[in-house]
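The values are calculated or read from the model by the stated rules, or taken from the named source; none is laboratory data. Treat the numbers as computed from the prediction; the structure is a model and nothing was measured. Backbone-built Cβ (ideal geometry, glycine too); neighbour counts: all protein chains shown. Protein only, heavy atoms only, side chains kept; ligands, DNA and RNA dropped before computing areas. Shrake-Rupley method; radii C 1.70, N 1.55, O 1.52, S 1.80 Å.
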Amino acid sequence: MRISNMLLSTLREVPAEAETTSHQLMLRAGLIRKLAAGIYSFLPLGHRVLNKVENIIREEMDAQGAQEVLMSALLPAEAYQESGRWEVFGPDMFRLKDRNDRDFCLGPTHEEIFTDTVKACVKSYRQLPQTLYQIQAKYRDERRPRFGVMRSREFIMKDAYSFDMTKEGLDESYQKMYRAYCNTFDRMNLDYIVVDADSGAMGGSGSQEFMVKSDTGEDTIAYCSACGYAANVEKAECVPEKLSKEEAKPMAKIHTPNVRTIEELVSFLKTDSKHFAKTILYQAGENVVAVMVRGDREVNEVKLLNHLKINEQDLELASAETVQQVTGAAVGFAGPIGLSVPVIADKEILEMTNFVVGANETDYHFENVNVTDFQPEAVIDVRSITDGDVCPKCGKPIATTQGVEVGHIFKLGTKYTDALGCTYLDENGKPQSMIMGCYGIGVSRTIAAVIEQFSDENGIKWPVSVAPYQVLVIPVSMREESQVTLAEKIYHDLRAKGVEVLLDDRTERVGVKFKDADLIGIPVRITVGKKADENVVEYKLRQAEEVIEYSAEEAVEKACGYIAENIHAQK
């Protein structure tokens with residue numbers, strides 16, 4: 001491809017709207033163009049990368065026996081109503097009506113649709129197992145779309161669904177998809193970690209996320225270097241810290257004027273945050289609940305949602321008016337003693353003695369409180385894990401890092417097949433519910449994750465496997481016939497060998513060409529300059545600093561060798 005014929009618009013300045021490295025570089029390198037908040041068009045370079053990622057996914061899915069289909073993105077409401085998720089998705093679902101006033105949505109995910117399809121097509125145990133997948137646009141009306149294609153309202157996703165007769169069959173299908181995912185992300189050279197995860201709105205008995213390590217990742221990963229345990233903090237089990245026990249002292253009310261926060265209490269009472277239990281009120285649908293965690297801990301709202309069995313959109317911090325109504329006090333003085341609403345205590349509260357809580361009276365707290373002084377409705381793990389906490393598997397210290405979720409695999413069981421009546425006839429002619437698995441890869445998000453890991457201050461540094469083009473040939477001056485002639489020869493020689501090559505035949509200054517070369521990140525650059533008459537060119541890898549002189553023939557040979565070596569590179 002000649003750049004002079006290409007729709008390529010690079011930017012020198014960082015767009016003000018772009019917060020993350022990947023968002024900045026995708027806009028600056030001309031991979032995408034913003035249409036509206038959370039909605040992007042893929043331009044030629046970006047579309048080529050998208051196709052590369054999709055094809056890697058296809059190859060690995062096909063290698064595990066999965067079959068590709070394509071479902072509609074415009075979906076009738078009935079299947080979601082039957083499964084109960086028409087309400088679960090809440091405002092995140094794009095809903096519309098046709099001219100006959102029938103309800104439809106733009107597909108946020110396709111569990112119900114695949115289940116309904118298999119229900120219609122599979123009748124006998126002889127037709128199982130089946131694993132089907134598609135690569136298609138999904139739509140979710142994100143409350144706050146951000147970070148470019150990382151969290152957008154329209155995104156490309158690979159979603160797959162397995163259908164088995166037994167739990168053992170599901171385990172086998174799940175492991176095949178696990179292998180496909182590892183192979184997929186290995187081929188992109190991504191540094192990722194597989195973590196235990198919360199199943200969220202998808203439901204099911206268990207799930208794992210494939211997380212790409214990134215400082216700008218929205219998710220926090222807890223991991224143990226000693227035993228390999230890893231989990232999203234939403235899911236990570238917290239082991240209560242054993243504090244030294246004290247003999248119980250008489251509870252007493254103390255005056256704490258204008259002292260509302262844990263930090264203020266620590267200073268006022270001259271102690272540490274481990275001696276406090278904070279009580280936080282939540283509006284959970286139509287009800288109010290109180291959640292207690294130690295003063296230096298944070299409530300894990302995903303764990304709370306799972307305990308309450310409600311949807312994310314139904315949980316929020318109670319308003320100041322609600323706090324006043326429930327506790328009789330201003331915000332900052334809530335406590336568990338005498339509350340009229342259910343109290344959910346974190347397990348760590350049971351390890352505490354003689355601690356401080358709010359007195360449900362403005363400017364007052366209770367000190368020397370013990371668990372015998374109030375009656376929680378439930379004692380559960382409801383806090384978030386932090387650096388230095390104990391690993392739930394081996395007891396060694398936990399560390400945390402940020403990550404971008406690029407893949408998620410679920411064991412769904414019969415959640416959807418029961419709801420939609422998706423059965424098969426077993427060997428005895430009796431109907432049985434199929435057992436499902438669900439497997440997703442964020443295709444457009446994966447591109448952003450690659451850029452987060454493979455970039456520098458000058459631009460993108462594409463791995464060969466997903467680069468839009470593999471080699472970039474730059475004649476320094478289009479006015480020099482010898483440079484143009486040699487650049488054209490190299491260009492044609494590379495194309496003849498099956499290499500995806502760009503020729504920068506613009507009449508721009510060479511400095512502009514080099515800037516764009518680094519920005520768009522083509523893995524190999526061959527520069528034809530002053531030594532063209534001697535058949536000598538400069539050869540440079542985007543991943544390296546060194547510039548080496550070779551003959552034109554050697555440069556072509558080196559480029560072909562480097563591409564062949566790295567195109568299917570495994571970690």
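Details
- With respect to the stated conditions, Lys270 is of a type in the set (Lys, Arg) and either over 15 Å from Phe355 (Cβ atoms) or surrounded by fewer than 17 Cβ atoms within 10 Å (Cβ to Cβ) (or both).
- So Ala236, is it among the aliphatic types (A, V, I, L, M) and in a loop (DSSP other than H, G, I, E, B): yes
- Selection status of Val390, more than 20 Å from Ser273 (Cβ to Cβ) and open to solvent by 20 Å² or more (accessible area, probe 1.4 Å): no
- Of all residues in the range 470-482, those that are closer than 22 Å to Ala496 by Cβ and touching a residue at least 12 places away in the same chain (Cβ under 8 Å) have Cβ atoms under 7 Å from Cβ atoms of residues that are of a type in the set (Ser, Thr, Tyr) and crowded, with 19+ Cβ neighbours inside 10 Å, 6 or more apart or on another chain, in Val473/Tyr491; Ile474/Thr527.
- Each residue in the range 139-175 was checked for being under 27 Å from Ile39 (Cα atoms) and among the polar types (S, T, N, Q), and 1 pass.
- Close Cβ contacts (under 7 Å, 6 or more residues apart or on different chains) running from residues in the range 492-506 that are more than 14 Å from Ala564 (Cβ to Cβ) to residues that are among the small types (Gly, Ala, Ser) and assigned to a helix (DSSP H, G or I) comprise Leu503/Ala487; Asp505/Ser4; Arg506/Ser4.
- Of all residues making up the range 138-149, the number that are open to solvent by 20 Å² or more (accessible area, probe 1.4 Å) and touching a residue at least 40 places away in the same chain (Cβ under 8 Å): 8
- For the range 507-530, a residue qualifies if it is basic (Lys, Arg) and either under 21 Å from Ala467 (Cβ atoms) or at pLDDT 95 or above (or both), and the qualifying residues are Lys513, Lys515, Arg525.
- Of note, Pro108 satisfies the criterion of being over 22 Å from Arg58 (Cβ atoms), in contact with a strand residue (DSSP E or B) (Cβ under 7 Å, 6 or more places away or on another chain) and either surrounded by 14 or more Cβ atoms within 10 Å (Cβ to Cβ) or of a type outside the set (A, V, I, L, M, F, W, C) (or both).
- The set of residues from the range 501-515 being under 37 Å from the mean Cα position of the chain (by Cα) and farther than 23 Å from Leu27 by Cβ comprises Val501, Leu503.
- Residue satisfying all of: in the range 516-544; farther than 24 Å from Cys560 by Cβ and without any contact (Cβ under 8 Å) to a residue 60 or more places away in the chain; farthest from the chain's Cα centre (by Cα) among these: Asp533
Per-residue answers, yes or no, for (1) assigned to a helix (DSSP H, G or I); (2) within 23 Å of Ser455 (Cβ to Cβ):
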residue	(1), (2)
Glu112	yes, no
Thr117	yes, no
Tyr133	no, no
Asp159	no, no
Tyr174	yes, no
Met177	yes, no
Leu190	no, yes
Phe210	no, yes
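Listed here are the residues, each with its yes/no results for (1) open to solvent by less than 50 Å² (accessible area, probe 1.4 Å); (2) touching a Ser or Thr at 6+ places or on another chain (Cβ under 7 Å); (3) modelled with pLDDT of 95 or more.
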site	(1), (2), (3)
Asn300	yes, yes, yes
Lys309	no, no, no
Leu317	no, no, yes
Tyr364	no, yes, yes
Thr372	no, no, no
Pro376	yes, no, yes
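- Any chance Lys274 is closer than 28 Å to Leu243 by Cα and either at pLDDT below 95 or among the hydrophobic types (A, V, I, L, M, F, W, C) (or both): yes
- Selection status of Leu170, touching a Pro at 6+ places or on another chain (Cβ under 9 Å), crowded, with 18+ Cβ neighbours inside 10 Å and within 17 Å of Gly403 (Cα to Cα): no
- Of the residues making up the range 321-352, those that are hydroxyl-bearing (Ser, Thr, Tyr) and at pLDDT 95 or above are Thr322, Thr327.
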